[in-house]
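A.B. asks: Dropping a structure here in structure tokens format, bear with me for questions.
The values are calculated or read from the model by the stated rules, or taken from the named source; none is laboratory data. Bear in mind that the values here come from a model prediction, so they are computed numbers and not experimental data. Note: ideal-geometry Cβ built from the backbone for every residue, glycine included; neighbour counts use all protein chains shown.
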Amino acid sequence: LFSCLSTESSVIHAQSKKPRVPTRPAAFTQFPQVRFIGHPELEANDPFLVPWVAKIAEWIEEGRTPYIFLHTADNVMAAKLAQRFHAQLMQRLPGLPSLPELYREPAAEQLGLL
């Protein structure tokens with residue numbers, strides 16, 4: 001989140017609200033947690049996802065169960081960011097199953113009550 005300069009209002013708003021804390025890629029429990037707030041342009045996240053893919057894969061190989069929270073400032077691209085991360089993780093860990101479908105278009109427009 002803080003690694004980019006953006007004119008997008010959702011990013012600027014998130015940067016003003018979120019604490020600026022150091023990255024600590026260390027697992028202190030069996031269930032390490034990572035929160036990654038990504039840029040709305042998905043490709044811009046790749047250089048920052050690469051070290052996390054390696055770290056998460058390492059934790060899984062150690063037998064840990066990491067929890068990864070990936071989202072964007074306005075959450076519009078959160079599902080796509082998660083899919084992008086998981087695809088990279090599957091390349092690193094070939095036996096990892098695919099994610100279930102994360103987004104579905106509405107089957108039909110909901111009818112109004114009146």
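A.B. asks: If the Cβ limit is 7 Å and pairs must be 6+ apart or interchain, which residue in segment 20-35 that is small (Gly, Ala, Ser) pairs with which residue that is at pLDDT 90 or above?
C.D. replies: 27/59; 27/64
A.B. asks: What residue, among those in segment 45-102 that are more than 11 Å from the chain's Cα centre (by Cα), exposed (fewer than 14 other Cβ atoms within 10 Å of the Cβ) and among the polar types (S, T, N, Q), is nearest to residue 25 (Cα to Cα)?
C.D. replies: Looking at residues that are more than 11 Å from the chain's Cα centre (by Cα), exposed (fewer than 14 other Cβ atoms within 10 Å of the Cβ) and among the polar types (S, T, N, Q), I get 65.
A.B. asks: All but one of (1) at pLDDT below 95; (2) touching a helix residue (DSSP H, G or I) at 6+ places or on another chain (Cβ under 6 Å) hold for residue 79; which doesn't?
C.D. replies: Looking at each condition in turn, residue 79 falls short on (2).
A.B. asks: Restrict the check to segment 46-61 and report whether at least one residue is farther than 28 Å from residue 100 by Cα and either modelled with pLDDT of 85 or more or part of a strand (DSSP E or B) (or both).
C.D. replies: For segment 46-61, residues farther than 28 Å from residue 100 by Cα and either modelled with pLDDT of 85 or more or part of a strand (DSSP E or B) (or both): absent.
A.B. asks: Tell me yes or no: at least one residue of segment 1-23 is assigned to a loop (DSSP other than H, G, I, E, B), surrounded by fewer than 17 Cβ atoms within 10 Å (Cβ to Cβ) and either modelled with pLDDT of 90 or more or of a type in the set (Lys, Arg) (or both). Explain how you work it out, then say what you get.
C.D. replies: Residues of segment 1-23 that are assigned to a loop (DSSP other than H, G, I, E, B), as a first pass: 1-8, 18-23.
Those left that are additionally surrounded by fewer than 17 Cβ atoms within 10 Å (Cβ to Cβ): 2-8, 18-23.
So of that shortlist, the ones also either modelled with pLDDT of 90 or more or of a type in the set (Lys, Arg) (or both) come out as 18, 20.
Looking through segment 1-23, at least one residue is assigned to a loop (DSSP other than H, G, I, E, B), surrounded by fewer than 17 Cβ atoms within 10 Å (Cβ to Cβ) and either modelled with pLDDT of 90 or more or of a type in the set (Lys, Arg) (or both).
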